[in-house]
Amino acid sequence: MKYEKRTELSLLLIAGLVLLNGYLAVTLANHQFSYQGLSIISALFVFWTLISLTIRRYFSSADPLLLPLAVFLASIGLTLILRLRPDLFIPQAMWLSAGLIAFIITVIIFRQPEGISQYKYLCGITGIILLVFTIAFGVDIGGNKNWIILGPVRFQPAEFAKLLIIIFLAAYLSERRQLLTYATRHYGPLTLPHPRFIAPLMVLWALTMAMLIVQRDLGSALLYFGTTVTMAYMASGRWSYVALALCMFFTGSAICYLIFPHVQVRIDIWLNPWADPTGRSYQIVQSLFALGSGGLLGSGLTFGYPSIIPEVHTDFIFAAIGEELGLAGTAAVIIAYILIVYRAFRAALASQIPFTMLLAGGLGVLTALQVFIIIGGVTKFLPLTGITLPLISYGGSSMVASFILLGMLFAISEATATP
């Protein structure tokens, strides 16, 4: 217990110093230093330290790296948002506080994680309702129809739906893993179980295609379907599910490309952004210039020109990190994400309960895919997407959902810890 507590507090102190250093570098360079901002940083540091001290009293063996890694990434995000959009610094700090509160609540709820599996259908139905509600009533912001606006509040239901669906999948697949593993029907070269056992996968495929068509959201489509397929493989060990899923996804995507113009635009920009560098491809072209000019150590905070990129504080914040912090900054961010994913799989492998094993593994896959898809889009490795970089990009829905995810992993790591 003492080791975990000491490690967690030491790493949280380092994350606080990163935020303090970033705040001083940005505000002093722009002659915008204020004690109000310094007070906000101090309050955040005290808040996450108190959270650490409190949860360690009841979760003495939980993973000591998850919370510090999350706070480290959020500190980098706050620094970049202060640099790019100073007016959004305080709202983002408030969302970080809300995320920390959500983290505590989630840890308490998931203290006995296997009990959550009893509510799998409630979680799955709620997640699907959120997705359908977004598809039906979503508002187009930034080219993606995945926002819901209720008066002065706007949020992305898909950020929370994905967590509910993963809980459902983990419970459903853990209960039927033998049926999925010992398939009984042959369809040409593929061996699959009875259709009713893979019906949830078919429903999620249909929702994925709906997101791609209606919401113009290729990123979420890849994220949902990739996570579902990977979890099905983890539960069954059968490559035939992966092959079938890939065939279905690429067939549906090809049909969408031929029919829907907005899908054609995304793919065409990806294949050849230089055909229209000042028009439709402006974002990705400027992103590539920013990453290329960053070099090893970057231009330094406030000495680059990332504000040229539209929506740089959300979708393209990784390009700003590459320009002003260079390869060193981007490598630090990627390594932090890798460590989170590694700790998720570590908790999954340590679990003796199929549900918690699949849940931790699914959350790790979700995090890895989300980071891969957004960084791949910014670097032109993949088509552009509308998803955010977890814990770094500006956005309340993403911030709170990311801390809920980490709260689940934290509780699972405590439940699977070796006495």
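Set side by side, the residues Trp239, Trp270 differ, and just one is outside the structural domain of Ile374 (by TED's automatic domain parsing) and either in contact (Cβ under 8 Å) with a residue 24 or more places away in the chain or under 26 Å from Asn30 (Cβ atoms) (or both), which is Trp270. Can we say Arg57 is in the same structural domain as Phe355 (by TED's automatic domain parsing), basic (Lys, Arg) and surrounded by 20 or more Cβ atoms within 10 Å (Cβ to Cβ)? It is false that Arg57 is in the same structural domain as Phe355 (by TED's automatic domain parsing), basic (Lys, Arg) and surrounded by 20 or more Cβ atoms within 10 Å (Cβ to Cβ). Has region 2-9 got at least one residue that is under 26 Å from Gly300 (Cβ atoms) and either in contact with an Asp or Glu (Cβ under 8 Å, 6 or more places away or on another chain) or surrounded by fewer than 16 Cβ atoms within 10 Å (Cβ to Cβ) (or both)? No, the conditions are met nowhere in region 2-9. Does Phe372 satisfy the criteria of being assigned to a loop (DSSP other than H, G, I, E, B), surrounded by fewer than 22 Cβ atoms within 10 Å (Cβ to Cβ) and without any contact (Cβ under 8 Å) to a residue 24 or more places away in the chain? Against the criterion (assigned to a loop (DSSP other than H, G, I, E, B), surrounded by fewer than 22 Cβ atoms within 10 Å (Cβ to Cβ) and without any contact (Cβ under 8 Å) to a residue 24 or more places away in the chain), Phe372 does not qualify. Looking at Gly298, is it in the same structural domain as Ile412 (by TED's automatic domain parsing), outside any helix (DSSP H, G or I) and buried (at least 16 other Cβ atoms within 10 Å of the Cβ)? Criteria met by Gly298. Only a single criterion out of (1) within 21 Å of the chain's Cα centre (by Cα); (2) crowded, with 18+ Cβ neighbours inside 10 Å; (3) hydroxyl-bearing (Ser, Thr, Tyr) is not satisfied by Ser97, namely (2). Screening Ala136 with (1) modelled with pLDDT under 90; (2) touching a helix residue (DSSP H, G or I) at 6+ places or on another chain (Cβ under 8 Å); (3) over 27 Å from Asn30 (Cβ atoms) gives one miss only, at (2).
The values are calculated or read from the model by the stated rules, or taken from the named source; none is laboratory data. Just so it is clear, the model here is predicted, and its values are computed rather than measured. Using ideal geometry, Cβ is built from the backbone for each residue, glycine included, and neighbour counts are taken over all protein chains shown.
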